[in-house]
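Each remark here refers to the structure printed beneath this line.
No value in this document is a laboratory result; all are computed from the given coordinates. Owing to the predicted nature of the structure, the values given are computational and were not obtained by experimental measurement.
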């Protein structure tokens, strides 16, 4: 397999994986069975954005970093800082404002975190109450 074909395969893999992770970060709180794992993934995402972001730039995402490196190897340049902005632009054909996209992304992530925390605490209280019942 040529290097170009391998980079294209990596590109497709990262699109699928990143999209799935974003979808899970947005909706993983909705199912009781996935709530604990959701809390881990949304927490890791926010830790990356704000923890690693303090060093590498606010909103830093290692997946985006890796994906942009692959896209550069495929000859793409002028990539935005946001993976979501890149794909919103591509899907809609519009040039989305980075400030609007970042605001929507952070707001959605914080909302998902809040829902996850509340529902995980509720689930924990319920399981504790049922375990204590005779």
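Once the Cα atoms are used to define both axes, helix 62-73 deviates from the longest principal axis of the chain by about 20 degrees. With 0.36 nm allotted per residue and the present C-alpha distance subtracted, the residue 2-residue 91 stretch has 29.2 nm of extension available. Taking every C-alpha pair closer than 8 Å and separated by at least 6 residues, the mean separation divided by the residue count of the chain gives a relative contact order of 30 percent.
Would you please classify the overall shape of the stretch 1-75 from the alpha carbon gyration tensor, given that a ≥ b ≥ c denote the square roots of the eigenvalues, rounded means a/c under 1.5, and beyond that prolate means a/b larger than b/c while oblate covers the rest?
On the way: a/c = 3.84, a/b = 1.51, b/c = 2.54.
Oblate.
Between the helical axis of 98-132 and the longest alpha-carbon principal axis of the chain there is an angle of about 30 degrees. Spatial offset of the stretch 68-134 relative to the stretch 1-15 amounts to 24 Å, using the alpha carbon center of each. Compute the long axis of helix 83-92 from its Cα atoms, compare it with the longest principal axis of the Cα atoms of the chain, and write down the angle in degrees, 0 to 90, nearest 10. Tilt relative to the chain: about 70 degrees. Subtracting the Cα-Cα distance of residue 9 and residue 79 from their residue separation scaled by 0.36 nm leaves 23.3 nm.
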